[in-house]
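Peer 1: Here it is, the structure in full.
Read-outs: derived from the displayed coordinates by stated rules, not from any lab. Keep in mind that this is a model prediction, so the values were computed, not measured. Counting neighbours? That spans all protein chains shown, and the Cβs are built from the backbone with ideal geometry, glycine included.
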Amino acid sequence: MWILLLAIFGLGFWWVLRKDDTTKTAAKSPRAGGGPVTVVAVPAKKGDIGVHLDSIGTVTPVYTASITSQVNGVVIAVRYKEGQMVRKGDPLIDIDPRPYQATLIQAQGTLERDQNLLAQAKMDLQRYEDAWARKAIPKQTLDDQEKLVLQTEGTVKIDEGSVKYAEIQLEYCRITAPISGRVGLRLVDPGNVVQSSGGLTLAVITQIQPITIIFTIPEDNLDQVQARERKNAKLTVDAFDRAVLKKLATGTLLTLDNQIDTTTGTVKARAQFANKDGILFPNEFVNTRLLADTIHDATLIPSSAIQHNGQVAFVYLLQGDVAHLRNIKVGVTDGGTAEVTGISPGDVVANSSFDKLQDNAKVTISGKPSQSDIPRSNAP
């Protein structure tokens, strides 16, 4: 029994000694700072970086026309196809024109009759003037004929207005596109009866090219945008999909609204896009990015090289084979690139192995920084 107890005690003592040796070996490992840490290095570069304002916007057409009938009648033809792109003046819907053609003929006949009556009255006036010159008729007869000519001229003007009105009513029987754009789904069919006072929408046309996006700008950035506008600068606006993964189109800022929304502290803005490929669809929700300004000659590094300790940002500055912890201030961030102060262009910083790095740690640089490691800005 004593021999067995001694054997167990010896094994336990040997296990404690081995664990202590393992701990000492781990303390000398690179993770604990005892050996050089392999890092990827990137250089800080001087360049331009854009100041972007991100927001959510809605695609809004410049013009939308809801077409209704101006006359009463029966639809005899629908000349557009659903989703068709039409130009201004293209035929859309025909309404039975025969009642209005008959009204026009009546008005034209009345006009011709009264025009001939006016011509006769003017001939009589000329005769009365000649007779009055010879003192053959009294002055009252001449005066009556002059007023009769004026009355007939007024009647002719009324008839001309009736003819013009009938022509306009006849034109309303042929409905054409008031703007260029895309027609929506068909709302009426041949044989339907439409009325001028019914309010029934016959077709809806939405302008697609160009198109606009309405988004918001924080009031804190309003002065910055207005300062660029006063210099007549064209501010670029990029539209992205809902997941902000694909850029849909690029346009320019048109204008700002005339007041700030007090509930959100933002002001509405409208940007215009050519939309030649039709990728922006009316009422679509998109993510917008407004290029409000561009910072020139800034010190740029990849955002992945920046570490944080609470509110303090820092990088590991590589000098020779030693990494030095250097506090920095981060300014504008654009994509994967950040503008910083606290280091200079040409300085090399670590961009990997942060879990192993410490201040004044020995490092080994994995290869040389390639062109792909150089930070780039999306600013124009």
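Peer 1: In sequence order, what are the phi-derived ³J(HN,Hα) couplings for segment 181-197 according to the Karplus relation 6.51 cos²θ - 1.76 cosθ + 1.60 with θ = phi - 60°, rounded to whole Hz, with x for glycine and proline?
Peer 2: Per residue, the Karplus-derived 3J(HN,Hα) values read x, 10, 7, x, 5, 5, 10, 9, 10, x, x, 5, 9, 10, 9, 5, 9 Hz.
Peer 1: Follow-up question, since we're still on this one. Under 5 Å between amide hydrogens, which residues at least 5 positions from Thr252 or on another chain qualify, with H placed 1.01 Å from N in the peptide plane?
Peer 2: Val237, Gln272
Peer 1: In square nanometres, what is one fourth of the surface area of the convex hull spanned by the alpha carbons of segment 98-172?
Peer 2: 4.7 nm²
Peer 1: Using the count of nearby Cβ atoms within 10 Å as a rough guide to exposure, how do Ile208, Ile158, Ile76 rank from fewest to most?
Peer 2: Listing Ile208, Ile158, Ile76 from fewest to most nearby Cβ atoms yields Ile158, Ile76, Ile208.
Peer 1: Would you pull out the residues with amide H under 5 Å of Thr68's amide H, same chain only if 5 or more places away, H placed 1.01 Å from N?
Peer 2: Leu202
Peer 1: Give me Trp132, Trp14, Trp2 ranked fewest to most by other Cβ atoms within 10 Å of their Cβ, as a rough exposure proxy.
Peer 2: Taking fewest neighbouring Cβ atoms as first place, the list is Trp2, Trp14, Trp132.
Peer 1: Along the Cα-to-C-beta direction of Arg230, a point sits 7 Å from the Cα; which residues of segment 242-260 have their amide N less than 16 Å from that point?
Peer 2: Of the residues in segment 242-260, 256 have backbone N under 16 Å from the label point off Arg230.
Peer 1: Helix 139-172: angle to the longest alpha-carbon principal axis of the chain, degrees 0 to 90, nearest 10?
Peer 2: 40 degrees
Peer 1: Now, a different point. Return the FRET efficiency for the residue pair Lys122, Arg98: r is the Cβ-Cβ distance, R0 is 41 Å, and the value is rounded to the nearest 0.05.
Peer 2: That gives a FRET efficiency of 0.65.
Peer 1: Tally Lys/Arg at +1 and Asp/Glu at -1 over every other residue whose Cβ is under 13 Å from the Cβ of Ala136; what's the total?
Peer 2: Result for the local shell: +2.
Peer 1: Summing +1 for each Lys or Arg and -1 for each Asp or Glu, what net charge is found among the other residues whose Cβ lies under 14 Å from the Cβ of Glu219?
Peer 2: -3
Peer 1: Test of understanding: ordering Leu317, Leu291 by Cβ neighbours within 10 Å, fewest first, what list do you get?
Peer 2: In increasing order of surrounding Cβ atoms, one gets Leu317, Leu291.
Peer 1: Also, I was wondering about something else. How much length is gained if the chain between Leu150 and Arg87 is pulled fully straight, taking 0.36 nm per residue apart and subtracting their Cα-Cα distance, in nm to one decimal?
Peer 2: That works out to 18.0 nm of additional length.
Peer 1: Oh, and also: Which whole-percent values make up P(r) of segment 170-276 when all C-alpha to C-alpha distances are grouped in 10 Å steps starting at zero?
Peer 2: 11, 29, 24, 18, 14, 3
Peer 1: Turning to a different aspect of this structure: List the trypsin sites (Lys or Arg not before Pro) in segment 100-171 that DSSP assigns to loop (not H, G, I, E or B) and whose Cβ has at most 16 other Cβ atoms within 10 Å. Which are they?
Peer 2: In loop regions of segment 100-171 (DSSP not H, G, I, E or B), the sparsely surrounded trypsin sites (Lys or Arg not before Pro) are Arg134, Lys135.
Peer 1: Would you kindly derive the ³J(HN,Hα) couplings of segment 107-113 from the backbone phi angles with the Karplus curve 6.51 cos²θ - 1.76 cosθ + 1.60 (θ = phi - 60°), listing them in order in whole Hz, with x for Gly and Pro?
Peer 2: Taking θ as phi minus 60°, the curve returns 5, 5, x, 4, 5, 4, 4 Hz for segment 107-113.
Peer 1: What residues have an amide H closer than 5 Å to that of Asn192, excluding those fewer than 5 places away on the same chain, when H is modeled at 1.01 Å from N in the peptide plane?
Peer 2: Hits under the 5 Å cutoff: Val75.
Peer 1: Moving to a separate point now. Sort out for me the Cα centre separation of segment 340-366 from segment 86-120, rounded to whole Å.
Peer 2: Cα centroid to Cα centroid, the span is 86 Å.
Peer 1: For the chain, what does the helix formula give at 222 nm: sum of -39500 (n - 2.57) over DSSP H segments with n ≥ 4, over the residue count, nearest 500 deg cm²/dmol?
Peer 2: -10000 deg cm²/dmol, from helical runs alone.
Peer 1: Sort segment 255-296 into rounded, prolate or oblate with this rule: let a ≥ b ≥ c be the square roots of the eigenvalues of the Cα gyration tensor; rounded if a/c is under 1.5, and if a/c is not under 1.5, prolate when a/b is larger than b/c, oblate otherwise.
Peer 2: Oblate is the answer for segment 255-296, as a/c is 1.5 or above yet b/c matches or exceeds a/b.
Peer 1: If you line up the Cα atoms of the chain on their principal axes, what length do they span on each, largest first, in Å?
Peer 2: 164, 56, 40
Peer 1: Starting from 0.36 nm per residue, how many nanometres of slack lie between Ala133 and Phe281 once their C-alpha separation is accounted for?
Peer 2: Net length gain for the segment: 45.3 nm.
Peer 1: Turning to a different aspect of this structure: With axes computed from alpha carbons, what is the tilt in degrees of helix 2-27 against the longest principal axis of the chain, rounded to the nearest 10 within 0 to 90?
Peer 2: Helix 2-27 sits roughly 50 degrees off the main axis of the chain.
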